[in-house]
Amino acid sequence: MNPLTRMNLLLSFLYLLLGSSLGLILSIRQTLPSIVHAHIQLIGFVTQMIIGVTYHVVPMLSRGKIYSFKLGYLHTTLLNVGLLTQVYGFLTNSLFFKNLGSLLLFLSVVMYLFNILKSMNWR
């Protein structure tokens, strides 16, 4: 397993634990916006898990290499910064941080798609 896959999977597990904890808190006390729980679970856990698995499977299926591990680390960092920025925006009801987080998440997805598509052997 390459280090980029490992990092994404470990971050995914961390978000699963965090999101599940928030879900438990939400079931007991309605103190957090449920959108925070949803974003941590869907972007933090599910999306990061898919990314991690993709970086493991694509080289095997295409019999090639990842186009750029640097780009992979960059988009993973951007995804996490974007998610945390967006969550901060939800918690503080700040439109600026919600929008900034959304933009960072979008840029991360574009970089991820570029890196994976360039990594695939299309012959």
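Brief remarks on what is shown
- Taking the numbered list (1) open to solvent by 20 Å² or more (accessible area, probe 1.4 Å); (2) more than 30 Å from residue 118 (Cα to Cα); (3) more than 14 Å from the chain's Cα centre (by Cα) in turn, residue 38 passes all entries but (3).
- Sole exception among (1) open to solvent by less than 60 Å² (accessible area, probe 1.4 Å); (2) under 22 Å from residue 92 (Cβ atoms); (3) out of contact with any Leu (no Cβ under 8 Å at 6 or more places or on another chain) for residue 32, by number: (3)
- Take the conditions (1) in a helix (DSSP H, G or I); (2) loosely packed, with under 13 Cβ neighbours inside 10 Å; (3) not aromatic (Phe, Trp, Tyr); residue 18 misses just one of them, which is (2).
- Condition broken by residue 4, with the remaining ones in (1) more than 19 Å from residue 86 (Cα to Cα); (2) in contact with a Phe, Trp or Tyr (Cβ under 9 Å, 6 or more places away or on another chain); (3) open to solvent by 20 Å² or more (accessible area, probe 1.4 Å) satisfied: (3)
- Scanning region 74-123 for residues that are open to solvent by 70 Å² or more (accessible area, probe 1.4 Å) and of a type in the set (Ser, Thr, Tyr) yields 77, 88.
- Test: residue in region 55-63 that is surrounded by fewer than 19 Cβ atoms within 10 Å (Cβ to Cβ), in a helix (DSSP H, G or I) and among the basic types (Lys, Arg): no
The values are calculated or read from the model by the stated rules, or taken from the named source; none is laboratory data. This structure is a prediction, so every number in the text was calculated from the model and none was measured. Glycine also receives a Cβ, built like all others from the backbone with ideal geometry; neighbour counts cover every protein chain displayed. Heavy atoms of the whole protein, side chains included, go into the accessibility calculation; ligands, DNA and RNA do not. Shrake-Rupley method; radii C 1.70, N 1.55, O 1.52, S 1.80 Å.
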